[in-house]
Structures are given as structure tokens and as C-alpha cells.
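The values are calculated or read from the model by the stated rules, or taken from the named source; none is laboratory data. Quick caveat, the model's predicted, so the values are computed rather than measured. Virtual Cβ from ideal backbone geometry, glycine too; neighbours counted across all protein chains shown.
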Number of protein chains: 2
Amino acid sequence: MRIAVDAMGGDNAPHEIVAGCVEASGLLTNEDELILFGPEGVIKEQLFSHKYDPARIRIVDAPEIIGMDEPPVDALRKKKHSSINIMNKMAGDSQVDAVISAGNTGACVAASQMRMRNLEGINRPGIAVVIPTVSGPVTICDVGANIVCKPINLYQYAVMASLYSKNTLGIASPRIGIMSIGEEDAKGNETVKKAREFIKADPNLSFVGNIEGRDIFKGACDVAICDGFVGNVVLKLMEGMVDGLFRAIKHELLQENFLLAWRFKSVMMRIYKKYDYHEYGGAPLLGVNGTSVICHGSSKVRTIKNAIMKSKLYHTQKINEQIVKYIATSSVRPTDE
Amino acid sequence: MRIAVDAMGGDNAPHEIVAGCVEASGLLTNEDELILFGPEGVIKEQLFSHKYDPARIRIVDAPEIIGMDEPPVDALRKKKHSSINIMNKMAGDSQVDAVISAGNTGACVAASQMRMRNLEGINRPGIAVVIPTVSGPVTICDVGANIVCKPINLYQYAVMASLYSKNTLGIASPRIGIMSIGEEDAKGNETVKKAREFIKADPNLSFVGNIEGRDIFKGACDVAICDGFVGNVVLKLMEGMVDGLFRAIKHELLQENFLLAWRFKSVMMRIYKKYDYHEYGGAPLLGVNGTSVICHGSSKVRTIKNAIMKSKLYHTQKINEQIVKYIATSSVRPTDE
């Protein structure tokens, strides 16, 4: 399998990205190849400090860099020789089997959509993120690819995220919930209500109905569906909140007792590790005709390594083929888009 | 001032509600009167166990009770003699000056809108909740009254929440952010983009632009504006997350060391208290022609006491008059609704 990695994507590029590739290369088989995209000189310099098997890592020169905050479509048009542009084009031409980037999310989504096209039967792709909770991992889809959803999009997210959860987390029959503002069927906006009818009508999905924000942490579902606006707000809120809460705890502990704070630190580190999204590597863009994994801008060595292994799992489990087959034979045939 | 309280609203009614009223009655002046709404016998029985000044607490019999999960409009139509119905009707007839309930939120919003009507110039009311954070309190509006917003609604939430923050939290010039999915102006859906133009065009508002979920805990703004769907998801997510995170910490601490867990408990209780939304009492329904305060379903004695004091502050600060005046003289005159 040929896995393309954007060496220049994210806040810790290129060093953490390249180091993550080197680590992952040791875990891959002889049939696998990692292809790093970015300015050749920069990547070579980074690789110089590592021990690795040159047969497993190749460089494709991509001299231009898309910044984290550049307007995606504009940047893609202007920077033809950027890593994000080139690697997604090669994926579209079947020259690589998966693309991974911790760079500009909007640009990654746009490039993958444009170059890979959508899977047969899929109207809009969605990003699926796995959130670790005390009650187990919860997959949220979409978290930002599609901010104005139609009911059919939400139905397809339910199908795709469910297959993803099953194949990568080993959850036999993922319980699907739809994010809304109350448990009763009558609650929610029109899109949510219509999407709920679609999901409910599909006998092959395990649907638990509406879920509220708090239910995510209570083990109420394995998959949570929402539009990309809500999902993105939710995702960033969680991040900010974990950070804010730990800061508050630290502040209080330090006021009380330095030793207690010090002892709590090790516990906190363990919790951080256990409920750390870096563990899950990256988030696949479900619905494109290929394997596109988007990583957090703050990705580190471990994140990239895990994202590479995840992209391999995604590919070998043939999740895309399963999605196409599911949609083709689904009894639910929404016609509003 | 005549303050109406729904004695039957919330999970801890009537005992915690009535006890909260008794506590608050000691803090009110001779000109104030608390009026409890609910089945007369039930309230009398509750009051029997308390010491209070009977001149300060009066009962209005409301034999019917609207359940927490009843469909709001339906319940209001069927249960004419419910506390929520009667007290809002009396507010509309100027027989009481404020209404407070920890009951069915949808029913409270609908009843206040129907009976009090909107303030002059206001298109749709919104619920404003104050969230305690390490960086100070943040007011979020709307959290569930209006799930499909137009740009004008968001603009008016910015105006109202700003005046509310100024008058009740003492923040001289509240920095307003609009919840979106990226900091750049180009990010967000069409409603958010248009609303941003309105807020930006108003020289009297202190606007910081787009904020993301994580910014709420970083002190990036004092007021966060969003539609009621997003706000409600966010609010409940925060609740669930605090709970989930504390459970995770407890679990880890207990595995490590019982004594450490025990010592941490007292710190945790202090944090809970410090960042406890009960402290802020309740959430006003901004934009109705009256004072309507909605409390969390899990409200306790302290929540109700604080909500009563807050309703008095809201009333005496003449926030509604300030809103009407502001809107009437605002240079921003949205015409899309």
C-alpha cells in the first residue's frame, strides 16, 4: 500500500511529521511504502537525523506550502505545487492509496473531494472523529466538511460512520444517535427530523434516536450524527473545555497544597493519555473515493504514526467498498438531493 | 416588586423550590412579595416546615402541573390551570413583575412569549445563560428558545446579551463573539456571515468577530452569540463533559490511591462550587416584555434563591427599557424579517 503523507502540514511540521513517518515505517510490511510530500530539501534534512529503511520511504517534491489559515479553495487554485494539491491529485490518478495531512483542514477536504470524487451513491463527504470517553469511544460525523446539511447527508453519515466504527473500533452493531436539543421525536430542526425518519426506516442501522450533548459522555451511543457546523463547534468546545477544566483543577490544587498538585499531575497525565485524541490518529473523510485522513493541527509523532496505521486499516478493511454496497442496496432512497 | 415562582417546576419541586423562596424572602425588602404558584395544599404543606414572614409570601392556586417532557404548546393549551400558564398570564396582565420556573423550558418560553409579547423592536426572544470559566463568566445567547435563527435575531441577541452582561455582571463593555467554525471572516454559514455584518456595523457594540468552541474557556469574549440549536447542544455538552471528566478523574484516583482520591474530593467540591452554574441562578428570556427567568431542571434551594435575586436585579436595572431604547436608536436596521 502506498501511503502519502503531507510533511508540511500542521503546527509541528516538518519534524514531528517526518519522525512519525519513520516510526510508522518500522510497523509496515514490505508491500507498504510511505511517500512524503513537501520541499525535497527540507524533508531530506529531516530524514537525515533518523535511522530508517530507504526502501520504505520516498519523497515527492512539493515546493509550495498552504498555510493553516489560508482560504482553502483560493490556496488550492494558487498553489498547484503544494503538498496537499499534489498528493490528492496522485490519489485521484491511483498513484497513491491513501493521503494523510495535519495541514489546513478546509484545503484537505476540498482537494480530496475534487481529486478523488465522491463514492458512488454518496452526496457529500463528512469527517468522522473518534472521541474517547469513560464509556468508550464515540464517533462523531460530520465535524466540519459540510456545514449546511440536507437530511440525506445525515442519513449517509449514519451509514458511513457506523461502518467505520464497526471496522476500526470493533463495535459489532454501533448504536447511532442524532444530535438534537431534546430526547423526544418532536425536538430538533426540520433537517434533523427528516434525517431521523430516514435512519429509523433503515432496519440495518441500530438507531437510538435523538441524543443531547451530555449523552455523548454517558455511553448513550457509539456514533453521533450532526451537521458540520454543530460538529465543529462541539469538537472545539470539548478541546477547550478539557484544557480549561484541567487549568482550573491545577490552579485550585496549587493553592491548597503543592505536594497534592504534584501527585495529581501524574494522574492527570495518565488521564490525558487515556482520553487523548492523538491515540486515534486522525479523522477519515468518509465518502470520498479513496482514503483521506485528516489530522489535528497540533499532531505529534504519535498522532502521525497512528494516522498512518489507521489509513492502512481503513484501506485493508475495504470500508469504501462496504459503503458503496450498503448504499446501493439500502431500502432508504432519499430523493431530496 | 411582585415575583412569581413556579413551585412545581423542576426535578426537585416542590421542596427545594419552596425552601429557596423562603431563603430569598429574608433578603427581599418590604416592597417585595413572593408569589408561589402550584396546588395550594401542596405548597402550604411545604411552607409549614419553614419559618417565614407571611407578609412576604403569597400562594396562587394552580392545580395543574406541566411535566418536564410534555410537548410545550400542547401542554399549555390543555392545562389552563397550570402554574406556568397562570403566572405568565398574570405577568401579561401586569399583576406580577417577574416569573421564575425550573419546569418545562419549552413551555416557559412559549407561555412568556404568548402572554408577555415581545419587547418593541425585538423579533425573537433568546435565552441567555452565564457560564462560569477560569477566565470569567461568559454569557451565551441563545441556548434553546429559537432553533432556526435569522441574522437579525443574532444581531439582537448581541445587543440584549451585551446589555444583560453589563448590567448584571458589571462588565463595562462586553466583548461579543459569534460562534462559528473558524476565526476568519469567510468561515460560517450564511446566517452567521450576515449577522456578523450587522454586529460589525454597530459602533456601540464591542465585537471580536468569530469565536470557536474552545475560545469560550480562554477569555476571548464576554458574550457568545449563536442560534438556539447550537447553543443548546453546547450547553448540554458542557454539562455532560464536566460530569464525565470528573468521573474519569475519580476513577483514576481511586485506582492509584484511596487517600489521594479522598483529598482530591475536597478540591473537586471547591471547583464545583466555583464553576457552578447554580450560582448564577437562572437564565433570563431576553426580548420578552417582562422578566422571565428560566432555571435548570435540577435547580436546588440556592439556584432558586439566586434566580429570585437575579430577577430583581434584572427588573430594577431596567434592562428591558435599555434594550428598547437601544434598538430604537440603533443605526443597524436589518430588514430581512
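Tell me, yes or no, whether region B:206-216 has at least one residue that is assigned by TED's automatic domain parsing to the domain that holds residue B:292 and among the hydroxyl-bearing types (Ser, Thr, Tyr). Checked region B:206-216: no residue is assigned by TED's automatic domain parsing to the domain that holds residue B:292 and among the hydroxyl-bearing types (Ser, Thr, Tyr). Filtering region B:49-64 to residues that are farther than 14 Å from residue B:23 by Cα and modelled with pLDDT of 95 or more leaves B:58, B:59, B:60, B:61, B:62, B:63, B:64.
Checked against (1) in contact with a Phe, Trp or Tyr (Cβ under 6 Å, 6 or more places away or on another chain); (2) among the hydroxyl-bearing types (Ser, Thr, Tyr); (3) free of Cβ contacts under 8 Å to residues at least 40 places away in the same chain, residue A:29 passes all but condition (1). Looking across region B:67-95 at every residue that is under 19 Å from the mean Cα position of the chain (by Cα) and of a type outside the set (Ser, Thr, Tyr), the one that is modelled with the lowest pLDDT is identified as B:69.
Here is the figure for region A:181-217: residues that are out of contact with any strand residue (DSSP E or B) (no Cβ under 9 Å at 6 or more places or on another chain) and among the basic types (Lys, Arg) total 3. Restricting region A:239-256 to residues that are more than 8 Å from chain B (Cβ to nearest Cβ) and over 27 Å from the mean Cα position of the chain (by Cα), the residue that is surrounded by the most Cβ atoms within 10 Å (Cβ to Cβ) is A:250.
Of the residues making up region A:196-208, just one is modelled with pLDDT under 95 and either touching a Cys at 6+ places or on another chain (Cβ under 8 Å) or small (Gly, Ala, Ser) (or both), namely A:201.
Close Cβ contacts (under 7 Å, 6 or more residues apart or on different chains) running from residues in region B:246-263 that are farther than 19 Å from residue A:248 by Cα and without any contact (Cβ under 8 Å) to a residue 12 or more places away in the chain to residues that are in a helix (DSSP H, G or I) and not polar (S, T, N, Q) comprise B:254/B:261; B:256/A:267. Just one of the numbered conditions (1) in contact (Cβ under 8 Å) with a residue 40 or more places away in the chain; (2) among the polar types (S, T, N, Q); (3) within 17 Å of residue B:250 (Cβ to Cβ) is not true of residue A:289: (3). Restricting attention to region B:48-81, which residues are in a strand (DSSP E or B) and either charged (D, E, K, R) or touching a residue at least 60 places away in the same chain (Cβ under 8 Å) (or both)? Correct list: B:58, B:61, B:64. Does residue A:281 satisfy being surrounded by 15 or more Cβ atoms within 10 Å (Cβ to Cβ), free of Cβ contacts under 8 Å to residues at least 60 places away in the same chain and not aliphatic (A, V, I, L, M)? Yes: the conditions hold for residue A:281. When residue A:55 is tested against (1) aliphatic (A, V, I, L, M); (2) surrounded by fewer than 15 Cβ atoms within 10 Å (Cβ to Cβ); (3) within 14 Å of another protein chain (Cβ to nearest Cβ), only condition (3) is not met.
When residues in region A:285-303 are screened for being within 12 Å of the chain's Cα centre (by Cα) and among the aliphatic types (A, V, I, L, M), 4 of them pass. Residues in region B:291-305 that are of a type outside the set (A, V, I, L, M) and either part of a helix (DSSP H, G or I) or surrounded by fewer than 24 Cβ atoms within 10 Å (Cβ to Cβ) (or both): B:296, B:297, B:298, B:300, B:302, B:303, B:305.
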